[in-house]
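Accompanying notes for the structure given below.
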Amino acid sequence: MTKGTQAFGKKHVKSHTLCKRCGKSSFHIQKKSCASCGYPDAKKRKYYWGAKSIRRSQTFPCAMTSSGRRTTR
């Protein structure tokens, strides 16, 4: 009947796993949807109240060259 330390010991089941689209551990296994990008919806999840999040997820041209997308010899 406690809400403290004893109750936290029972939390050992994973509710989220890796998402195929964004790679974050935000894909809810039972709901079959990603909390971060909205996969499997066709459009990516994006809200303007989370402007920093949108900024972080963007890929810039300068970052593309150093991100390992170049072919190596």
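The values are calculated or read from the model by the stated rules, or taken from the named source; none is laboratory data. Everything quoted here is computed from the prediction, not taken from an experiment. Using ideal geometry, Cβ is built from the backbone for each residue, glycine included, and neighbour counts are taken over all protein chains shown.
Which residue pairs have Cβ atoms closer than 7 Å, lie 6 or more positions apart in sequence or on different chains, and pair a first residue in the stretch 18-32 that is part of a loop (DSSP other than H, G, I, E, B) with a second residue that is loosely packed, with under 14 Cβ neighbours inside 10 Å and among the β-branched types (Val, Ile, Thr)?
Listed pairs, sorted by first residue: Ser25/Thr17; Ile29/Thr17.
Conditions first: (1) at pLDDT 85 or above; (2) out of contact with any Lys or Arg (no Cβ under 7 Å at 6 or more places or on another chain). Ser36 passes all but one, so which condition is the exception?
(2)
Consider Thr71 against the criteria (1) polar (S, T, N, Q); (2) at pLDDT below 95; (3) in contact with a Leu (Cβ under 8 Å, 6 or more places away or on another chain): it satisfies all of them except one. Which criterion is unmet?
Going through the list (1) polar (S, T, N, Q); (2) at pLDDT below 95; (3) in contact with a Leu (Cβ under 8 Å, 6 or more places away or on another chain), Thr71 breaks only (3).
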